[in-house]
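Student: Supplied in structure tokens, the structure appears directly below.
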Amino acid sequence: MGTQTWVTDNLVLILGTMTTLIFILLILCMVMYSSLSGLKQRYQQMMGGVEGSNLERMLMEHIDETKQVVKKNEWLEQELNRQNDILLTAVTKIGIVRFCAFEDVGGDTSFAVALLNSDNDGVVFSSIFGRDDSRTYAKPIVRGNSEYALTEEENQAIKKAMGK
């Protein structure tokens, strides 16, 4: 009988404690409901996306755009490599030397022009201008040198082209 007496004696205290706990749980439920409502609203906004499209559709569109950008980048890389190959053979270095070949001809009317690519391959042109005639010579250049004898002016033109 001891337990039943204790419950009867403390019934008001037990009911008060249970009422307080129920009240606290009710407040917690309201706070949780409020938080859940806010989360639900933000979720709906996110899923609604921009201009009424949903998040999944937006992600799929971005993935498609990314694939297109990757393809474009691959094409650009191929084009860059192609352009680099062209540049390797293009004339990118020029050296010019003007000189007077003969004392009886005034001014620096003769010249040597070196046209080289990035590997210092190319050609050197020389034009010797005289009073009665003019002569032009072309000599191939490989790695900055020629298998033909070069004049001092042709060597100077090659060195200018190579930046020496």
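Student: Out of all the residues in region 141-153, is one or more part of a helix (DSSP H, G or I) and out of contact with any helix residue (DSSP H, G or I) (no Cβ under 9 Å at 6 or more places or on another chain)?
Tutor: Taking every residue of region 141-153 in turn, at least one turns out to be part of a helix (DSSP H, G or I) and out of contact with any helix residue (DSSP H, G or I) (no Cβ under 9 Å at 6 or more places or on another chain).
Student: Further question on the same structure: For region 62-79, indicate whether the set of residues that are without any contact (Cβ under 8 Å) to a residue 24 or more places away in the chain, charged (D, E, K, R) and in the same structural domain as Asp132 (by TED's automatic domain parsing) is non-empty.
Tutor: The answer is no; no qualifying residue exists.
Student: Within region 114-164, restricting attention to residues that are touching a residue at least 24 places away in the same chain (Cβ under 8 Å) and basic (Lys, Arg), which residue is farthest from Asp104 (Cα to Cα)?
Tutor: Arg143
Student: Here is a further query. Can you pull out the residues in region 82-134 that are in contact with a Lys or Arg (Cβ under 6 Å, 6 or more places away or on another chain) and either assigned to a strand (DSSP E or B) or at positive phi (or both)?
Tutor: Gly95, Phe111, Leu116, Asn120, Val124, Ile128
Student: Check off (1) small (Gly, Ala, Ser); (2) loosely packed, with under 10 Cβ neighbours inside 10 Å; (3) more than 29 Å from Gly163 (Cα to Cα) for Ala149 and give me the number that stays unchecked.
Tutor: Only one criterion is unmet by Ala149, namely (3).
The values are calculated or read from the model by the stated rules, or taken from the named source; none is laboratory data. Only a predicted model underlies this, so the values are computations on that prediction, with no experimental measurement involved. Cβ atoms come from the backbone with ideal geometry, glycine included; neighbour counts cover every protein chain shown.
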